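Undergrad: Next up is a structure, given as structure tokens.
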């Protein structure tokens, strides 16, 4: 029987993943619910800073999309680069604006118990900030995304996450999604990244 990837991890598993992530250079916060996650992210980002948000059901569920892009408390990199959407002659400007922000906030698709992170993308638009461009990265992650190892991470991505994201893409854009790029983060030697675990099932 295949694993149910929608069930939040136990406290022991969360502790194991937290310790492994920290050993690999990541900073980790653990909160109990959506509201606490929202408050933690706002605490981590000073007002007035430039923030890029990756497309994320988790950010929608926490209310962070609104806070970071629409509240006026922060400079929204997404709002600025989306002004160029659909203008072929502005593609390079759009990519530049979306690739190097002071803060990048999003989610991930799996975290292994030995402290590795897997992120999949159709367009790849969030990946430059995550890999190198952003000065600070914050990933907000429901603990149902914690898996045993990389094999389980890919199984989760392909059998659980992708069907849900494909359904969302069809509703939102009228097109199917695709797994075109997969980022594996093994370590964070620059200590740029904070993982905020929510002890609930949140997002895909």
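Undergrad: Given the residues 86, 72, 48, 25, which is the only one that is under 18 Å from the mean Cα position of the chain (by Cα) and assigned to a loop (DSSP other than H, G, I, E, B)?
TA: Values: 86 fails: under 18 Å from the mean Cα position of the chain (by Cα); 72 fails: under 18 Å from the mean Cα position of the chain (by Cα); 48 fails: under 18 Å from the mean Cα position of the chain (by Cα).
Of the residues listed, the single one that is under 18 Å from the mean Cα position of the chain (by Cα) and assigned to a loop (DSSP other than H, G, I, E, B) is 25.
Undergrad: Which condition number in (1) buried (at least 18 other Cβ atoms within 10 Å of the Cβ); (2) under 20 Å from the mean Cα position of the chain (by Cα) is the one that residue 33 fails?
TA: For residue 33, the exception is condition (1).
Undergrad: On to the next question. Filter region 151-165 for residues that are surrounded by fewer than 16 Cβ atoms within 10 Å (Cβ to Cβ) and under 15 Å from residue 57 (Cα atoms) and give the result.
TA: Narrowing region 151-165 to residues surrounded by fewer than 16 Cβ atoms within 10 Å (Cβ to Cβ): 151, 158-159, 163-164.
Correct list: 163, 164.
Undergrad: Then there is this: Take the conditions surrounded by 19 or more Cβ atoms within 10 Å (Cβ to Cβ) and more than 25 Å from residue 39 (Cα to Cα) and apply them to residue 104. Does it pass? Give the derivation first.
TA: On the way: surrounded by 19 or more Cβ atoms within 10 Å (Cβ to Cβ): yes; more than 25 Å from residue 39 (Cα to Cα): no.
In short, no.
Undergrad: Another one. Which one is farthest from residue 162 (Cα to Cα) among residues in region 93-105 that are assigned to a strand (DSSP E or B) and in contact with a helix residue (DSSP H, G or I) (Cβ under 7 Å, 6 or more places away or on another chain)? Steps first, please.
TA: Let us first name the residues in region 93-105 that are assigned to a strand (DSSP E or B), namely 103-105.
After this cut, where a residue has to be in contact with a helix residue (DSSP H, G or I) (Cβ under 7 Å, 6 or more places away or on another chain) as well, the list is 104-105.
Details: 104: 23, 105: 21 Å.
My answer is 104.
Undergrad: Residues of region 80-96 being surrounded by 15 or more Cβ atoms within 10 Å (Cβ to Cβ) and either under 28 Å from residue 39 (Cβ atoms) or in contact with a strand residue (DSSP E or B) (Cβ under 7 Å, 6 or more places away or on another chain) (or both), which ones?
TA: 80, 81 - these are the residues of region 80-96 that are surrounded by 15 or more Cβ atoms within 10 Å (Cβ to Cβ) and either under 28 Å from residue 39 (Cβ atoms) or in contact with a strand residue (DSSP E or B) (Cβ under 7 Å, 6 or more places away or on another chain) (or both).
Undergrad: Another question, then. If we keep just the residues of region 166-181 that are crowded, with 16+ Cβ neighbours inside 10 Å and at pLDDT 90 or above, which is farthest from residue 109 (Cα to Cα)?
TA: 177
Undergrad: Any chance region 131-142 includes a residue that's part of a helix (DSSP H, G or I), under 14 Å from the mean Cα position of the chain (by Cα) and under 25 Å from residue 32 (Cα atoms)? Step through it out loud before you land on a result.
TA: At the first step, the residues of region 131-142 found to be part of a helix (DSSP H, G or I) are 131-133.
Next, from what is left, pick out any that are under 14 Å from the mean Cα position of the chain (by Cα): 131.
Pick out the ones that are also under 25 Å from residue 32 (Cα atoms) and you get none.
Within region 131-142, not a single residue is part of a helix (DSSP H, G or I), under 14 Å from the mean Cα position of the chain (by Cα) and under 25 Å from residue 32 (Cα atoms).
Undergrad: Return yes when residue 28 is touching a helix residue (DSSP H, G or I) at 6+ places or on another chain (Cβ under 7 Å) and either over 18 Å from residue 128 (Cα atoms) or surrounded by fewer than 17 Cβ atoms within 10 Å (Cβ to Cβ) (or both) and no when it is not. Working first, answer last.
TA: Details: touching a helix residue (DSSP H, G or I) at 6+ places or on another chain (Cβ under 7 Å): yes; either over 18 Å from residue 128 (Cα atoms) or surrounded by fewer than 17 Cβ atoms within 10 Å (Cβ to Cβ) (or both): yes.
Yes: the conditions hold for residue 28.
The values are calculated or read from the model by the stated rules, or taken from the named source; none is laboratory data. Model, not experiment: these values are computed from the prediction. Positions of Cβ are backbone-derived with ideal geometry, glycine not excepted, and every protein chain shown enters the neighbour counts.
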